[in-house]
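Enquirer: Structure incoming, see below.
Every read-out reported here was derived from the displayed coordinates using simple, explicitly stated rules and does not represent laboratory data. Remember, predicted model here, so these are calculated numbers, not experimental data. No Cβ is skipped: glycine too gets one built from the backbone with ideal geometry, and neighbour counts run over all protein chains shown.
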Amino acid sequence: MLYELLNGFSEKIIGPFLRRTGQRLYQTGNAIEGEALSEDRLTPSLRRLANEGKEPDLELANFVAPNAVVLGDVMLGDNSSIWYGTTLLGTTPIRVGRNSVLQDRVHVSRGANIGDNVFVGPNAVLQAATLQSNSFVSMGATIRQATVHSGGFVAAGAVVTEGKAVQEGEIWAGNPARFLRGVTPLEREVLREHL
């Protein structure tokens, strides 16, 4: 109860007061500098760019890194996160479900459908990929016009090529990626904890 009261006080009184104070200080500083004033140019955030009239929908996302690039027809689900250096090029629709994580420097293009509770490791590349809910793509893996079914696992550095499908409970590895083995019960439990 006390926490909610203090939090409401901070949001409704302290926050707006500090914002107005900052704006006044900025205006006063500019007035004092007079002719010596130089306009600071800030690079606009690349987090949200429209493409062909379509703007990304990031409202429900838990986190979008300041240097992530999200362009065009992209929709992020509730509590999903896009990490540093990640690029989502929504020239064709990209959908990311709830509680999904795209780690650092992931590149998504040519449309993608990413389900709920999906983990995509750093440096992965997704091109016209379908990742069903509860799937796992390790670091440096590439998925090109292929599907990873729920409970499917793509190993680090694997390249899943066009038309392939990683089935539930399968681990695929290699370049080109092939079925390596089934997920063990212990691995399944660890994945369940993290997805």
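Enquirer: Give a quick list of GluC sites (Glu not before Pro) in the range 84-174 that DSSP marks as loop, anything other than H, G, I, E or B, with at most 14 other Cβ atoms within 10 Å.
Expert: Answer by residue number: Glu162.
Enquirer: How many angstrom lie between the Cα centre of the range 164-190 and the Cα centre of the range 118-140?
Expert: 13
Enquirer: In deg cm²/dmol, rounded to 500, what helix-only [θ] at 222 nm does the chain give when every DSSP H run of at least 4 residues adds -39500 (n - 2.57) and the total is split over its residues?
Expert: On the way: 3 runs with 37 residues, N = 195.
Value at 222 nm, helices only: -6000 deg cm²/dmol.
Enquirer: Take the Cα pairs of the range 107-189, get the Kirkwood Rh, then feed it into Stokes-Einstein at 25 °C and 0.890 mPa s and tell me D in µm²/s.
Expert: 205
Enquirer: Roughly how many nanometres apart are two label points built 7 Å out from the Cα toward the Cβ at Asn113 and Phe17?
Expert: For Asn113 paired with Phe17, the spin-label model returns 5.2 nm.
Enquirer: Please name which of Val64, Ala146, Pro93 has its Cα lying farthest along the dipole of the range 63-194 towards the positive end, using unit charges on Cβ (Lys, Arg +1; Asp, Glu -1) and the Cα centre as origin.
Expert: The residue sitting farthest along the positive end of the dipole is Ala146.
Enquirer: Provide the net charge surrounding Arg144, with neighbours chosen by a C-beta distance below 13 Å and charges set as Lys +1, Arg +1, Asp -1, Glu -1.
Expert: Spelling it out: positives minus negatives among the neighbours equals +1.
Enquirer: Under the 0.36 nm per residue contour assumption, what length would be gained going from the current alpha-carbon distance of Glu52 and Ala156 to full extension?
Expert: Fully extending the segment from Glu52 to Ala156 adds 34.0 nm.
Enquirer: Points 7 angstrom from Cα along the Cβ direction at Ala36 and Glu59: gap in nanometres?
Expert: 4.7
Enquirer: Determine the percent antiparallel among the DSSP beta bridges restricted to the range 19-144, to the nearest 5.
Expert: Of those bridges, close to 5 percent are antiparallel.
Enquirer: Let's see if you can work this out: charge +1 on each Lys and Arg Cβ, -1 on each Asp and Glu Cβ, no other charges. What is the dipole magnitude of the chain about its Cα centre, in debye to the nearest 20?
Expert: Details: 18 positive and 20 negative charges, 60 e Å.
Roughly 280 debye for the chain.
Enquirer: If I model the chain as equal point scatterers sitting on the Cα atoms and use the Debye formula, what is log10 I(q)/I(0) at q = 0.10, 0.13, 0.18, 0.19 Å⁻¹?
Expert: Listed by q, the Debye log ratios stand at -0.53, -0.74, -1.10, -1.18.
Enquirer: Moving on to the next point. Can you tell me the relative contact order of the chain? Whole percent, Cα pairs under 8 Å, sequence separation 6 or more.
Expert: Relative contact order for the chain comes out at 9 percent.
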